[in-house]
Amino acid sequence: MKKLTFLQKRYRLARCKLAPTFLFTIILAAASTSVGVAQLISVDTPIDNLLTNNTTIIVSGTAEKNAIVTVNDNVVVNDNGNFSSSINLDEGLNTIIIKANPSGREQPLKMPIQVFELDTTTETPLNAYEFNLTNVTSAFAMDLVAEQDGFGLKINIQKSGGSGLEGVTIEIVYSNGSSTEKWKTDTGSGVAKLIDSVNNTVFINLLNSTVYARYKSSNNSWTWNSIYNTSNDGPLQLDVVVQHYMKLMSLLGSPVSFNPQIPIKSHYKGFDNDTSTYILDYRISDRISTITRNVTLDTTCPVISITPPKLVNGLYNKTTLNISYTSNDTDIAFYEVKLNNDSWINNSLNISYQFYNLSQGMSTIYIRAIDHAGNNGSDSIDIKVDSIPPTITLTKPLPDTKITTRYIELAGTTENGATVTVNNLSVHKVNQNWNTNVTLLKLNNVFTIKSEDLAGNIAEKTLYIRLGANFSADKTLDEIIQNMSVGFNRIKGYKEFNEMFAGKYVSFEFDNKTSAIINYTIEDTLWFNNINISGFSKININITDSTVKLEQSMDFGERHNISVSISDSQFGTMLIDVRESGYDYEQIRKYLLNKSVEILKITVSRDLSTTIESKIYNQSKNESLNKNESWRRNPRVTLEFANGVNVEQTDNGYKLTKEGLIAHLIKTNYAGGSTTFDLIPSKNLITADMIYSLLIFTQTTIKTKNGPLNLGDNFDLINRIAQEIANGTIRALLVISGNSSITTTTITGVSIRTEFINKETLNIIISSTSGNGTVVTVYITDEYFEKIKAGELTIEYDGKRINEADDYDDIMNIYDDNGEAEYFTTIGTNGAVVLVSIPKFSTHSIKLIFVSPEKLDNPTTVSLYKFMMFIPTLSKSLIHTISEGPKSLLVLLWWIVLLFGFIMIRKMIKKKYVRSEK
């Protein structure tokens with residue numbers, strides 16, 4: 001707009017110097033699209049190549065004031081330079097033509113000129129501003145001249161020779177009487193651009209050419225918006241230059257009066273015989289601005305289809321959903337998705353979308369496809385979300401019920417309509433209630449309860465059931481075992497002829513038909529598949545505390561007294577004891593005589609050999625024959641060790657290793673007795689022929705929280721302990737891992753009671769029927785092992801602090817040191833072993849105090865320790881009081897405890913303060 005305004009101002013200045021009737025409007029400038037000239041019209045809407053789904057469209061834009069604007073040949077209102085029109089579209093491609101006529105009508109542009117040097121040898125080439133040079137072959141010079149009141153315009157066309165446009169140059173000179181503006185076409189190939197070959201016709205059109213001209217005056221131009229001079233000479237297209245000066249010299253309508261110059265040469269015939277002027281007509285309708293817009297109407301909506309997700313019984317069981325969809329439309333611009341009443345989400349051209357955090361219940365998913373025309377097609381799907389697994393509640397067995405039978409009922413509740421399985425087997429279910437009977441086939445049993453609801457959600461609950469332990473629906477197997485009390489539980493009818501003995505640490509089966517011990521296991525480590533003792537029958541079974549004892553029932557005639565004692569401890573000690581019965585020959589004869597009605601006569605000699613006379617059933621004759629006397633043979637123990645057990649012979653038996661654990665099979669003979677071993681590796685067998693002897697199996701390393709006990713460089717201590725068990729020096733074993741985890745094992749003739757007086761003090765009461773001394777072996781792991789490493793151990797024997805032995809040999813020499821008790825400590829990487837010697841037996845007290853001697857010698861510590869020792873005694877009294885007297889007395893006694901504690905602590909603080917003052 002600034003250029004147009006400037007040109008308008010420039011043209012007004014020029015017109016002021018012309019006659020008033022010689023006015024030419026600026027509209028002509030707007031008709032050209034050339035450099036420096038504004039357009040007549042511009043279109044704002046629609047854009048070209050528009051794709052739309054609106055059947056009606058608005059065509060709008062701007063045009064020169066008073067110009068006539070048409071849209072598809074329909075005239076629209078030009079409101080002071082702005083136009084707008086609504087048109088209806090047809091489906092498919094629509095071409096919209098917008099035109100602007102600057103004058104409002106077609107009319108000629110007339111400019112009187114004089115023509116000089118016109119060649120009349122041929123037909124005149126002049127037609128308006130178009131010069132036909134097809135047949136012009138000679139040189140010529142022609143001027144088109146217009147003048148008025150000192151202003152003048154001259155267009156000089158020269159041809160130096162040749163045919164057609166060869167040698168043609170064009171010069172334009174404009175003068176205001178004092179200065180001139182001169183333009184001249186480029187020479188050579190530039191002029192050739194004027195050539196237009198139509199039907200072999202060669203012509204020049206001064207108002208429609210692409211040849212360039214350059215500014216040639218020495219002075220600056222004054223009629224142009226941009227000032228031209230020798231340094232800025234263009235170039236400009238020739239038609240732009242010609243039209244520019246025509247505006248200054250021309251008038252719309254009739255030609256002005258004109259005073260021709262005196263010609264330099266006479267006019268030639270054939271041009272105009274009546275007058276010296278020639279009126280050139282140029283119709284401005286040829287310069288109407290035309291703009292075309294192509295608009296495509298597309299009202300067809302794309303088709304989209306959602307791929308349904310996988311449902312179970314019409315339900316979706318996740319809160320995350322990847323939804324996919326398809327469309328056959330090839331003109332999709334983008335897809336949009338939304339959930340329920342949420343906002344639409346642009347998903348570009350992706351054909352799937354991930355929804356997160358779907359709410360429970362019904363949800364609707366919408367997908368729509370939008371094409372480039374703005375049409376949209378949509379699809380939706382309703383999904384009912386149920387992603388909450390059903391709950392499983394257990395009603396049987398009841399919590400803390402001890403499991404002492406292999407047949408139990410599992411029962412509970414779950415979601416109505418859900419399917420329940422136990423270990424993948426269907427159970428009986430009515431509405432929300434379910435139940436099934438299960439068989440416990442081993443010591444530790446695992447049951448997986450699954451409940452699958454109608455949506456396919458699965459709830460899973462794992463039950464750990466250990467024979468002999470209290471039932472818990474929420475504890476792991478380790479937690480169940482940890483909470484078990486030490487001791488055996490007898491599980492009768494475990495199998496057809498078997499029953500199980502399940503303890504906290506040791507478990508085994510007993511075959512009532514063969515009297516064999518089966519699957520002997522210590523803390524899930526299987527040591528023996530089978531232990532069989534020949535002649536072991538008529539068994540009496542007794543369970544006392546942590547020991548189960550299997551004894552031969554000694555009827556008349558039994559020669560050997562056989563018993564098997566097994567301790568429920570981390571050592572899993574098993575004692576097989578074989579002794580002579582002591583019965584005489586008469587008792588044996590009477591026993592055999594009563595065994596069968598078929599026996600007629602039995603003779604027993606002094607060497608206990610027998611002769612039996614019997615009657616064979618259903619036979620008439622009597623026979624005298626020798627019966628099988630296997631009952632007179634010495635017992636043989638056959639031990640079948642489990643896979644993975646490595647066996648190594650020792651001086652007094654065998655060392656067995658498995659999974660980092662060590663156990664020993666040890667023989668010890670009574671006076672006059674013997675034990676003969678035989679190892680058969682190919683059959684995993686060890687046999688022991690026993691005469692008046694004791695066979696001991698014990699695990700000599702134990703499990704800790706950090707794996708099997710590791711004594712580091714002192715690993716041989718385990719073998720030496722086994723040797724001393726065989727020698728009878730060590731007859732008691734203990735394990736301490738916490739104040740609630742103490743296990744004990746005794747070999748023969750020793751009994752032990754243990755009690756934590758407080759958290760730091762363990763009291764061991766030990767007694768024996770034998771007067772011989774012994775060594776107590778204490779394994780310390782886990783919590784108390786950390787105290788041992790820190791030197792927090794003081795040992796008292798019968799209330800007197802004892803000293804540490806020099807070494808292992810010193811501690812095993814029970815009777816040196818003037819009969820004084822000693823202790824010896826070996827510290828490993830995850831546990832320690834403390835040996836305490838007892839020189840002679842009655843009943844003794846051994847206190848393990850997990851406080852260093854230095855701290856115990858501190859008066860403050862002593863007072864606190866005594867106070868802690870007093871608390872358990874008082875607590876016992878209170879417990880007794882609860883059962884014997886009113887609760888008010890209990891309250892009074894507790895106040896006494898608090899007052900006593902306050903006084904003791906106050907005294908300790910005062911003593912410490914006085915000491916610091918000194």
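Take Leu526 and tell me if it is in contact (Cβ under 8 Å) with a residue 12 or more places away in the chain, closer than 16 Å to Leu443 by Cα and either open to solvent by less than 20 Å² (accessible area, probe 1.4 Å) or among the aromatic types (Phe, Trp, Tyr) (or both). Against the criterion (in contact (Cβ under 8 Å) with a residue 12 or more places away in the chain, closer than 16 Å to Leu443 by Cα and either open to solvent by less than 20 Å² (accessible area, probe 1.4 Å) or among the aromatic types (Phe, Trp, Tyr) (or both)), Leu526 does not qualify. Considered as a group, the residues in segment 42-83 that are open to solvent by 70 Å² or more (accessible area, probe 1.4 Å) and touching a residue at least 60 places away in the same chain (Cβ under 8 Å) include one that is nearest to Asn294 (Cα to Cα), and that residue is Asn49.
Quick one: is Ile725 of a type in the set (A, V, I, L, M, F, W, C), closer than 16 Å to Gly572 by Cα and within 54 Å of the chain's Cα centre (by Cα)? No: the conditions fail for Ile725.
Of the strands (runs of 3 or more DSSP E) contained entirely in segment 300-414, those carrying at least 3 residues that are under 30 Å from Val446 (Cα atoms) fall at 393-396, 407-413. For beta carbons closer than 6 Å, sequence separation of 6+ or different chains, a first residue in segment 761-783 that is without any contact (Cβ under 8 Å) to a residue 40 or more places away in the chain and a second that is open to solvent by 30 Å² or more (accessible area, probe 1.4 Å), the qualifying pairs are Thr769/Gly749. The residue that is farthest from the chain's Cα centre (by Cα), counting only those in segment 448-471 that are surrounded by fewer than 19 Cβ atoms within 10 Å (Cβ to Cβ) and in a loop (DSSP other than H, G, I, E, B), is Leu454. Scanning segment 431-471 for residues that are among the basic types (Lys, Arg) and farther than 14 Å from Val420 by Cβ yields Lys442, Arg466.
Within segment 430-441, the set of residues being under 30 Å from Phe510 (Cα atoms) and crowded, with 17+ Cβ neighbours inside 10 Å comprises Thr436, Val438, Leu440.
Beta carbons closer than 7 Å, at least 6 apart along the sequence or on distinct chains, pair a first residue in segment 205-223 that is in a loop (DSSP other than H, G, I, E, B) with a second that is at pLDDT below 70 and hydroxyl-bearing (Ser, Thr, Tyr) for Leu206/Tyr129; Leu207/Tyr129; Leu207/Tyr282.
This table checks each residue for (1) open to solvent by less than 40 Å² (accessible area, probe 1.4 Å); (2) of a type in the set (S, T, N, Q).
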| residue | (1), (2) |
| --- | --- |
| Pro308 | no, no |
| Val312 | no, no |
| Thr319 | no, yes |
| Glu336 | yes, no |
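Every listed requirement among (1) closer than 16 Å to Leu717 by Cβ; (2) of a type in the set (Val, Ile, Thr); (3) in contact (Cβ under 8 Å) with a residue 40 or more places away in the chain; (4) open to solvent by less than 30 Å² (accessible area, probe 1.4 Å) is met by Thr829 save one, (4). Among the residues of this structure, Asn719 does not count as one that is open to solvent by less than 30 Å² (accessible area, probe 1.4 Å), over 26 Å from Val548 (Cβ atoms) and not in a loop (DSSP other than H, G, I, E, B). Any residue at all in segment 805-812 that's within 26 Å of Ser737 (Cβ to Cβ) and open to solvent by 20 Å² or more (accessible area, probe 1.4 Å)? Checking segment 805-812: at least one residue is within 26 Å of Ser737 (Cβ to Cβ) and open to solvent by 20 Å² or more (accessible area, probe 1.4 Å). Can you tell me which residue within segment 399-422, out of those that are touching a residue at least 24 places away in the same chain (Cβ under 8 Å) and loosely packed, with under 15 Cβ neighbours inside 10 Å, is farthest from Gly503 (Cα to Cα)? Selected residue: Gly417. The combined condition, being farther than 24 Å from Asn706 by Cα, aromatic (Phe, Trp, Tyr) and free of Cβ contacts under 8 Å to residues at least 60 places away in the same chain, is fulfilled by Tyr797.
Looking across segment 663-702, just one residue is in contact (Cβ under 8 Å) with a residue 60 or more places away in the chain, closer than 14 Å to Ile531 by Cα and surrounded by fewer than 21 Cβ atoms within 10 Å (Cβ to Cβ), and that is Asn684. From the list Val427, Val385, the one residue that fits, being open to solvent by less than 90 Å² (accessible area, probe 1.4 Å) and either in contact (Cβ under 8 Å) with a residue 40 or more places away in the chain or within 29 Å of the chain's Cα centre (by Cα) (or both), is Val385.
Considering only residues that are within 22 Å of Thr745 (Cβ to Cβ), open to solvent by less than 20 Å² (accessible area, probe 1.4 Å) and not aromatic (Phe, Trp, Tyr), which ones fall in segment 490-503? Across segment 490-503, the qualifying residues are Met500, Ala502, Gly503.
For segment 486-510, residues that are over 10 Å from Arg406 (Cβ atoms), part of a loop (DSSP other than H, G, I, E, B) and touching a strand residue (DSSP E or B) at 6+ places or on another chain (Cβ under 9 Å) total 7.
Among the residues of segment 657-675, at least one is assigned to a loop (DSSP other than H, G, I, E, B) and either at pLDDT below 95 or among the β-branched types (Val, Ile, Thr) (or both).
The residue list Ile795, Ile752 contains one member that is outside the structural domain of Leu575 (by the TED database) and closer than 25 Å to Asp577 by Cβ, which is Ile752. Of the strands (runs of 3 or more DSSP E) lying entirely inside segment 45-107, those containing at least 1 residues that are of a type in the set (Phe, Trp, Tyr) span 82-88.
Do we have Ser348 as among the small types (Gly, Ala, Ser), on the phi > 0 side of the Ramachandran plot and exposed (fewer than 14 other Cβ atoms within 10 Å of the Cβ) here? So Ser348 passes the test. Please verify whether Ser178 is surrounded by fewer than 16 Cβ atoms within 10 Å (Cβ to Cβ), modelled with pLDDT of 80 or more and not in a strand (DSSP E or B), treating the condition exactly as stated. When the stated conditions are applied, Ser178 passes them.
The values are calculated or read from the model by the stated rules, or taken from the named source; none is laboratory data. Please read all numbers here as calculations on a predicted model, not as lab measurements. Every residue, glycine as well, gets a Cβ built from its backbone with ideal geometry; the counts of neighbours run over all protein chains shown. With ligands, DNA and RNA removed, areas are computed over all heavy atoms of the protein, side chains included. Shrake-Rupley method; radii C 1.70, N 1.55, O 1.52, S 1.80 Å.
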